[in-house]
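Could you have a look at this structure, given as structure tokens, before my questions?
Here, each number is a calculation from the coordinates, and none is a lab measurement. Bear in mind that the values here come from a model prediction, so they are computed numbers and not experimental data. So basically every Cβ, Gly included, is an ideal-geometry build from the backbone, and we count neighbours across all protein chains shown.
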Amino acid sequence: MDLHDLAWKAASGQQEGSSLPPLDGSVEAMRLRILGKLIYQVGREPRTASPRDWFVATAYAVRDAATSSWFADRAAEGEGGKRVYYLSLEFLIGRVLMDTIGNLGLTGQVREALQQCGVQLDEIVLEEPDAALGNGGLGRLAACFMESMSTLKIPAYGYGIRYEHGLFRQVIEQGLQRELPETWLAHGNPWEFPRATFYPVDFGGSVTGEPGHEPTGPHVWTPDETIHAVAYDTPVVGAGGQHTNTLRLWAARAPEPLQLDAFNRGDHVGALRDRVKTEAISRVLYPGDESSAGQELRLRQEYFFASASLQDLLSRHLVEFGTLDTLPDKAAIQLNDTHPAIAIIEMMRLLVDVHRLDFDRAWTITNETFSYTNHTLLPEALETWPVALMERLLPRHMQLIYLINMRHMQAARDKGADHRVLAELSLVDELHGRRVRMGHLSFLGCHAINGVSALHSDLVRSRLFQDMDQLYPGRISNKTNGITFRRWLHRANPGLTRLLVETLGDGILSDPLQMGRLADHADDPALQAAFAAERLACKQRLAIVIRERTGIVVDPASLFDVQVKRIHEYKRQLLNIVQAIAHYRAILADPGRHWVPRVKIFAGKAAPGYVRAKEIIRLVHDVAQMVNNDPVVGDRLKIVYMPNYNVSLAEQIVPAADLSEQISTAGMEASGTGNMKLALNGALTIGTLDGANIEIRDFVGAENIFIFGLTASEVAAQSATGLDSHHAVRANPVLSEVFDMITSGQFSPEEPHRYRNLIDGTQSYDRFMLAADFDSYAAAQAEVDAFWQQPARWWRMAMLNTARLGWFSSDRSIREYAESIWRVPVMQP
Ligand SMILES: *Cc1c(COP(=O)(O)O)cnc(C)c1O
């Protein structure tokens, strides 16, 4: 049968419905399904279909396969188990196709079915836009957690916003970052199901008590604005395809599509104005990472999705169980940072005003249902909202916050808190213009609070919430982050995965701790060679991408030194480039020495308003321009900045990295997950004792990682003595020469003072300890070079990293949340 006949067979099947062969896992059924989708859903014939058409048709066919298991799970859930609700303003998902067919066990069938149509799976995969509904680590964690919850068969919903525009697309023009709008929905989204389900979400207006009311009794909120939250559902398939959860994202819709009175008056633009304003809520993701936007629209986004999600889960609970008393037994609500924290108050409003529960009972239910993950200690990232804004936008919520705070303050006084402690504990910060502290609110409203690495959780307890912890002890615990190995090893690095399976058996695919046995082979020269060969193949592929995107030619035999993450002062890309300049100078001073050839690879986006971060991006480009074109240097050093870092680019860079730069100022990176992705793929880490680097060191062994720099407590001690580092810089001949080169315009001759502010600022207020850590960083880099020249030693270390990273699976993280916070049953591996 030729393709055309097949298409018609598929088509008639599609039309008759029943005669379409079920997706039984056969290539034939998949092929007919894809062709049917191509013709009837995409509206194309095979002979004229573009690669994108084939991608969309394939996605629809795969979605059918996912949907069957989804229905089965919805039916099973009707049996009354507890559900997890994961509330996150960000889901940094990336592409979905390979993950979904991989988890369904259909990769081979889909590949073969397409092949028979003359289409290559690996080519159409590239047609899928990244779903970039997040900024960085926090959003990527939410995506990994969704996948792990499905894999562990935990009934769960993810709730978030269906941003029309995800994180901006970064282009670099002469070293300057430009932000272009991201348009992932431009050609539709084949994975989602738009639902008729919607909920009204109110803003503004006034509040009145009921006649004879008590302050804690129900109140009537008369809003002056109502917006509809419309649901879009995406199935999230777990590994093995046995369980599928739902990611439910909300879009904002105006209740009245047009204002008919204005329309009838002939004011056609005015008739649409309110609609445009209303729907702005789900228009765009705020692009700040580790900083609070503080904008009214952001607060509207937070309340919009929190309210819709709670109305949805409460109505599901009531349909199923008929009473809200059992809510804590049947629902666990996890707040991914404080962004959804207003949900705590919304729960109180719904329970007290709508469902008319007693205030104390409502508070107990709320507290037992909610838990909160803290992601940062940086002051600029801690969310606070002006009381005046809250009163205007959410008057009933502000009332409830005051009420809850009064009771909280009374409890603190009863335990002997003095004025200083009361001011620390209060939900309202009175010192910075009366603001509601969302972290405090989260602590108070949740029965469990966790940090995301051992160090970070200790600092959450000792620095951020010291007084809260004393008043409400036992709430804080640690849940170290993880990553899904399906995406970050099995799919991103199929060559290495094949080698691991050949060596250790396919048990490693479902139980990553079994990779520990790779340690028994770490000295096997043949396996070392095979491991190194897989790395080289990834580097060769990356070298092609680098050339295509930047024009820079790199030698895949060089050491690939990688720092890929958001650009932030605390992550210290500046330290990296400053040390690279020192290295460059050393090469020029002694070109005949046997230098280890290095390619320094940077990638990452800066928040659009973050001037310093953008200056650092520009400096990297200016330095690259000089170094890459210096004939004396040649292949000894290349500096590459890859634009538009996102999940798909990460999947190409991570398997090709020899060295992983995890060099944040100690105490400032909550966990990091890029560090885990890279070490899992066998990159060696050069890093500080920060976040999960510490636990990575504990697992891989101190002899298999390059640790340098001040510890978190040393950073704190040094900060207390002052942050001016002029003296330290002048006392350091290498660092002062590098700074002089930069400030004298050697890298920017057309504008000599370009980096004056950056460098002067760093010296007079060295909050990130660049001067203090420079020497130990440079020494660690020299050690890296020395080890690279001993291949047997290097590859042994690399293999031990992969072998010992199994604990950093997000399945392990989720198991810990499930057992000690959510109290839901989980599968054991
Ligand atoms: C993993 C990941 C991050 C987080 O990286 P860190 O190094 O932990 O900051 C950010 N962005 C993308 C695209 C990622 O895949």
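Counting other Cβ atoms within 10 Å of each Cβ, which trypsin sites (Lys or Arg not before Pro) in the range 240-291 have at most 12 and sit in a DSSP loop?
Qualifying residues, ordered by number: Arg265.
So what J values fall out for the range 121-134 if you push phi through Karplus, 6.51 cos²θ - 1.76 cosθ + 1.60 with θ = phi - 60°, rounded to Hz, Gly and Pro as x?
Taking θ as phi minus 60°, the curve returns 3, 4, 7, 6, 3, 6, 6, 7, x, 5, 7, 9, 8, x Hz for the range 121-134.
Now a separate question. Under unit Cβ charges (Lys, Arg +1; Asp, Glu -1), what dipole magnitude, rounded to 20 debye, does the chain have relative to its Cα centre?
440 debye
Using the number of other C-beta atoms within 10 angstrom as an exposure proxy, rank Trp488, Trp191 with the fewest first.
Trp191, Trp488
Just need the Rg to Rh number for the chain, please, alpha carbons only, Kirkwood Rh.
That ratio equals 0.97.
Taking Cα pairs under 8 Å and at least six residues apart, what relative contact order does the range 311-434 come out at, in percent?
Computed over the range 311-434, the figure is 22 percent.
Order these by the 10 Å Cβ neighbour count, fewest first: Cys538, Cys117.
Fewest to most other Cβ atoms nearby, the residues stand as Cys117, Cys538.
Okay, moving on. Give the residue list of GluC sites (Glu not before Pro) in the range 749-826 that are DSSP loop and have at most 15 other beta-carbon atoms within 10 angstrom.
Glu750
Work out the charge dipole of the range 379-499 with +1 on the Cβ of Lys and Arg and -1 on the Cβ of Asp and Glu about the Cα centre, then indicate which of Thr484, Gly439, Leu394 is farthest towards its positive end.
My answer, from the dipole projection, is Thr484.
Something else: Based on DSSP H runs of at least 4 residues, each adding -39500 (n - 2.57), what is the mean residue ellipticity at 222 nm of the chain after dividing by all its residues, to the nearest 500 deg cm²/dmol?
Mean residue ellipticity, 222 nm, calculated: -14000 deg cm²/dmol.
Return one quarter of the surface area of the convex hull spanned by the alpha-carbon atoms of the range 73-158, equal to its mean projected area, in nm².
For the range 73-158, the mean projected area of the Cα convex hull comes to 7.0 nm².
Each residue of the range 376-392 in order: what ³J(HN,Hα) in whole Hz does its phi give by Karplus 6.51 cos²θ - 1.76 cosθ + 1.60, θ = phi - 60°, with x for Gly and Pro?
Taking θ as phi minus 60°, the curve returns 6, 10, 4, x, 5, 9, 6, 6, 9, 10, x, 4, 4, 5, 4, 5, 6 Hz for the range 376-392.
Follow-up question, since we're still on this one. Along the charge dipole of the range 259-334, pointing to its positive end and built from +1/-1 on Cβ of Lys, Arg, Asp and Glu, which listed residue (Pro328, Ser315, Ala271) has its Cα farthest out?
Ala271
What is the magnitude of the charge dipole of the range 562-631 about its Cα centre, with +1 placed on the Cβ of each Lys and Arg, -1 on the Cβ of each Asp and Glu, and no other charges, expressed in debye to the nearest 20?
Around 360 debye, computed over the range 562-631.
Under 8 Å for C-alpha pairs, at least 6 residues apart: give me the relative contact order for the range 509-654, rounded to a whole percent.
27 percent
Another one. Which whole-angstrom value gives the distance between the alpha carbon centres of the range 359-418 and the range 552-627?
With the range 359-418 and the range 552-627 each reduced to a Cα centre, they are spaced 44 Å.
May I ask for the percentage of alpha-carbon pairs in the range 332-473 that lie more than 19 Å from each other?
50 percent
Run down the aspartates and glutamates and flag those whose C-alpha is under 13 Å from the C-alpha of Lys37, throwing out any fewer than 8 positions away in its chain.
Leaving aside aspartates and glutamates fewer than 8 places away in the same chain, those within reach of Lys37 are Glu45, Asp53, Asp64.
A further question on this structure: With viscosity set to 1.567 mPa s at 4 °C, what whole-number translational diffusion coefficient in µm²/s follows for the range 162-271 from Stokes-Einstein and a Kirkwood radius over Cα pairs?
69 µm²/s
How high is the relative contact order of the chain? Use alpha-carbon pairs under 8 Å, at least six apart in sequence, and give a whole percent.
Worked out over the chain, it gives 12 percent.
For Ser307, Ser776, Ser671, Ser462, which order do you get if you count the other beta carbons within 10 Å of each Cβ and list the fewest first?
Listed from fewest to most nearby Cβ atoms, that is Ser462, Ser776, Ser307, Ser671.
Now for a different question. Among Gly674, Tyr755, Leu659, whose Cα sits farthest toward the positive end of the charge dipole of the range 633-791 (+1 at Cβ of Lys/Arg, -1 at Cβ of Asp/Glu, about the Cα centre)?
Tyr755
Which far-off residues, 5 or more places away or on another chain, put their amide H under 5 Å from the one on Gly294, with H placed in the peptide plane?
Result for Gly294 returns nothing.
Which helices count as membrane-span-like in the chain under these terms: full DSSP H, at least 27 Å along the axis by C-alpha, Kyte-Doolittle mean of 0.0 or more?
Going by DSSP H runs, the hits are 525-550.
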